[in-house]
Amino acid sequence: MRQSELVDALREIPALTVVSDGPALVVTVPAIGQCLRLHAEAVTWLKHGVLPTGEPFLQLQGRMHDHEVRLVLLNNDVGWVPPDVNSLLDTAIEVTVTDAPEMVGYTDLEREAVRALAQADRPDVNVFALTATLLVLRCAIVGAMRLGLRPLRVVQLWHELWCHVSGFLTAPFWPDPYWDKLLLEAGVPLTPYEQARVGDRPAVEALTVADLRAMEPVLTVDRADAHFLAAWRQWMKLTPSQVCEVLTADLPEARIEMSLYIEGGGAVSMRIVPSGVFQALIELRLSFTTRSASLDEIRIADELKGSGLFPRLRSNIENFTRSLGLLSLKVYATGDGSVAFARAGYDWDRS
């Protein structure tokens, strides 16, 4: 969509102010004192409507920060579809929050957070219902954050609620550096969250640079230093030895090269070249912020096709991404490779 088209659509909501900031549009909703940033090229669908009260609204759908977003703009509020709770939790067991709202409004957030905190101090409090509210509020705040909204007072209230019921959560939250920055912006200390994270993964938190270098030559990292170690502690759920166990299972000649970045990206290259004779290669990209992996290349020597090497490689890659807590694995394959992955149960991406 062209920026001029989006500007024209936004002008149908008269109370909004729209200012161009390079490729982005800064949309201010004066009634709530908040701004959001929209990129016209990321908007895939929009529709005007009128409420029963006669007030106009604008529905939008698009992608922001690699996430699908759906929102509604009104003269005095912003509503959005919150992300699924399972995308924010670090667990393989699906969590369902009954009666979770399909859409939330900015003006509702603080009211709901205050109501939940008031219940937390009651002697007859239902801590499990309150824990569900904590999850619902976290989803709502993350959805707001992805739009560029900064509900800092609600973040403070959420932290207070977390202090009451965090011990009843069935799973820890998936690491999110953007959430951590929002906590700091709201004046919330990160220390209790960091302590909880250390308790969840003591072996990973105890890693040293020497532990990384000890895995050579089976596992070689792009730079074994404090920066790489910080990225490993931030995102990895496995120790270096566990990475080798999973990726090289039944592949003793495999050699792995790995890069990680504190921002949430990474790459894995694994080669099997015994005595200088090429057998196989995989190139895998990791995105911890979107909890996804992309298999960009898998190549096997012609004489080893049909030997069972392909299913072993595929199985190890799947086990690896699953062990990291990633939710999707996208494969770029052509020719025989596309047929092989289709037979293995992979669905076609027709987008």
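A few notes on this one:
- Where trypsin sites (Lys or Arg not before Pro) fall in DSSP loop in the range 1-85, at most 12 other Cβ within 10 Å: Arg2, Arg11
- Ranked by how many other beta carbons lie within 10 Å on average, peptides 149-155, 226-232, 17-23 from highest: 149-155, 226-232, 17-23
- Chain lengthening between Lys47 and Ile262 when straightened (0.36 nm per residue, less Cα-Cα): 73.6 nm
- Only Lys, Arg (+1) and Asp, Glu (-1) charged, at Cβ; the chain dipole about Cα centre in debye: 120
- Rounded to the nearest 20, the size of the Cβ-charge dipole of the range 210-307 about its Cα centre is 260 debye, with Lys and Arg at +1 and Asp and Glu at -1.
- Here r is the Cβ-Cβ distance between Ser241 and Ala120 and R0 is 41 Å; the resulting FRET efficiency, rounded to 0.05, is 0.45.
- Extension gain from His39 to Glu216, taking 0.36 nm per residue of separation minus the Cα-Cα distance: 59.3 nm
- Full extension of the segment from Thr96 to Ala206, taken as 0.36 nm per residue of separation minus the current Cα-Cα distance, would add 36.3 nm.
- Cα-projected label distance for His65 with Ser269, points at 7 Å along beta-carbon direction, nm: 3.1
- Label separation (Leu169 vs Val7): 4.3 nm, computed from points 7 Å beyond Cα along the C-beta direction.
- Förster radius 51 Å - calculated FRET efficiency between Ser328 and Glu110, Cβ distance, rounded to 0.05: 0.90
Rule-based calculations on the coordinates, nothing more; no lab input. These numbers were taken from a predicted model, which means no experiment stands behind them. With ideal geometry, Cβ positions are generated from the backbone for all residues, glycine too; neighbour counts draw on all protein chains shown.
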